[in-house]
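Only one structure is covered here, and it is reproduced in the block below.
The values are calculated or read from the model by the stated rules, or taken from the named source; none is laboratory data. Because the structure is a prediction, the values reported are computed rather than measured. Positions of Cβ are backbone-derived with ideal geometry, glycine not excepted, and every protein chain shown enters the neighbour counts.
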Amino acid sequence: MTTATVDTPPLKAWLLLLLLALIWGSSFLLMKKGLLVFSPDQLAALRIGTAGLVLLPWLTQRIKTVQRQHLLKLFSVGLVGSFIPAFLFAFGQTQLASGVTGVLNTLTPLATLVIGVVLFKQASRAQQWLGVLMGLIGTVVLISANSSGDFSLNSYALLIVGATICYGINLNVIKHKIADLSALTITGVSLFLMAPPAFIYLFFFTPFTQQFDQPQFSLAVTAILLLAIVGTAAALVIFNTVVKMTDTTFTSSVTYLIPIVALILGVLDGEPFFIEHGLGMAAILTGVWIANRKKRKPGTMAGQN
């Protein structure tokens, strides 16, 4: 029996992955601005509710492709892939620095690979595990560099770990259970299913309307709307497109690039850059390349696809 090999991801997939890294690498700053006025649960509910309405104009025709057997799976994608992580990240960032939150998010590829192998019987290669582990080593270096070598986790870090597990489950469900639906359909319908509970919670179970008179209300609400429209709705369409174009390991590698974006934004904002930062980024990028490098067939010339 022959072992199938994964083709080298196309240039389009790499470009979309870099775009995702830029979008999600900036999302921690947007969350921080939103938390200036809103509580974590208000931020998460407004983010998901808004994102659930943004894609409605594009769903009028695509909704017809959704069959009854898809609904429960799409509901789980919305719940596990968007709704729950939004709350976990919002609460986690109240007690974690944005850089640490971004670094912890890099556990997603490991969670994705383990869940795929254990629960979905997904085939794996040794180089994928090597790439994932090398990426994790790079994140540890970044953690040490960002905290002067004295890194200690608090309980809020477990919220981010829980979010990465949610992402790992979600990636595998999309890849293995609803591959017959388009990326826009998956994103739009799953987010739309989450919009009603999000808005019900926001308006009936939180003092959301009492925040309107806050001095920084305009800044905070603008940040959350950008987070919802660009960082959630648009980004998830791109994300699900990459999942369908490649595989779960490649797509989840975006979480290795997010801390690099956050670090670069920090440097542009006047933060120092240490040699450990460069070493950490190099290890992360090497890990992403190893995990997604095509295993050449015997007799294939280098450079052939």
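Out of everything in the range 182-215 that is of a type in the set (S, T, N, Q) and farther than 20 Å from D41 by Cβ, what residue ends up being surrounded by the most Cβ atoms within 10 Å (Cβ to Cβ)?
Step one: of the range 182-215, the residues of a type in the set (S, T, N, Q) are 182, 185, 187, 190, 206, 209-211, 214.
Keeping just the survivors that are farther than 20 Å from D41 by Cβ gives 182, 185, 187, 190.
Details: S182: 15, T185: 24, T187: 32, S190: 30.
Among those that are of a type in the set (S, T, N, Q) and farther than 20 Å from D41 by Cβ, it is T187.
Looking at the range 248-266, is at least one residue over 22 Å from the mean Cα position of the chain (by Cα), aromatic (F, W, Y) and part of a helix (DSSP H, G or I)?
The first filter runs over the range 248-266 and keeps only residues over 22 Å from the mean Cα position of the chain (by Cα), leaving none.
So far as the range 248-266 goes, no, none of its residues is over 22 Å from the mean Cα position of the chain (by Cα), aromatic (F, W, Y) and part of a helix (DSSP H, G or I).
With respect to T232, is the statement that it is free of Cβ contacts under 8 Å to residues at least 40 places away in the same chain and of a type in the set (S, T, Y) true? Steps first, answer last, please.
Values: free of Cβ contacts under 8 Å to residues at least 40 places away in the same chain: no; of a type in the set (S, T, Y): yes.
Criteria not met by T232.
A123 fails exactly one of the following numbered conditions: (1) among the aliphatic types (A, V, I, L, M); (2) more than 30 Å from I275 (Cβ to Cβ); (3) not in a loop (DSSP other than H, G, I, E, B). What is the number of that condition?
With respect to (1) among the aliphatic types (A, V, I, L, M); (2) more than 30 Å from I275 (Cβ to Cβ); (3) not in a loop (DSSP other than H, G, I, E, B), A123 is out only on (3).
Going by what's in this entry, would V140 be described as in a helix (DSSP H, G or I), modelled with pLDDT under 85, surrounded by 14 or more Cβ atoms within 10 Å (Cβ to Cβ) and of a type in the set (A, V, I, L, M)? Please lay out each step first, then the result.
Working: in a helix (DSSP H, G or I): yes; modelled with pLDDT under 85: yes; surrounded by 14 or more Cβ atoms within 10 Å (Cβ to Cβ): yes; of a type in the set (A, V, I, L, M): yes.
In short, yes.
Take the residues of the range 58-86 that are among the hydrophobic types (A, V, I, L, M, F, W, C) and buried (at least 22 other Cβ atoms within 10 Å of the Cβ): which is farthest from T232 (Cα to Cα)? Even if it seems obvious, please write down each step before you answer.
From the range 58-86, those among the hydrophobic types (A, V, I, L, M, F, W, C) are 58-59, 63, 66, 71-72, 74-75, 77, 79-80, 83-84, 86; that's our starting set.
Restricting the remaining residues to those that are buried (at least 22 other Cβ atoms within 10 Å of the Cβ) gives 74, 77, 83, 86.
Numbers: L74: 16, V77: 13, F83: 11, A86: 10 Å.
This residue is L74.
Among the candidates I224, I169, which residue alone is under 24 Å from T101 (Cβ atoms), in contact with a Lys or Arg (Cβ under 8 Å, 6 or more places away or on another chain), of a type in the set (A, V, I, L, M) and surrounded by 14 or more Cβ atoms within 10 Å (Cβ to Cβ)? Before you say what the answer is, go through the steps one by one.
On the way: I169 fails: in contact with a Lys or Arg (Cβ under 8 Å, 6 or more places away or on another chain).
Going through I224, I169 in turn, the sole match is I224.
Of the conditions (1) at pLDDT 80 or above; (2) buried (at least 20 other Cβ atoms within 10 Å of the Cβ); (3) within 21 Å of L285 (Cα to Cα), V114 clears all except one; give me its number.
(2)
Restrict the check to the range 248-266 and report whether at least one residue is in contact with a Lys or Arg (Cβ under 6 Å, 6 or more places away or on another chain) and crowded, with 21+ Cβ neighbours inside 10 Å. Break it down stepwise before answering.
Initially, the range 248-266 is screened for residues in contact with a Lys or Arg (Cβ under 6 Å, 6 or more places away or on another chain), giving 248.
Keeping just the survivors that are crowded, with 21+ Cβ neighbours inside 10 Å gives 248.
Yes: one or more hits.
Only residues that are of a type in the set (S, T, N, Q), more than 19 Å from the chain's Cα centre (by Cα) and modelled with pLDDT under 90: list them for the range 2-59, please.
Let us first name the residues in the range 2-59 that are of a type in the set (S, T, N, Q), namely 2-3, 5, 8, 26-27, 39, 42, 50.
Those still in the list that are more than 19 Å from the chain's Cα centre (by Cα) too: 2-3, 5, 8, 39, 42.
Residues satisfying the conditions are T2, T3, T5, T8.
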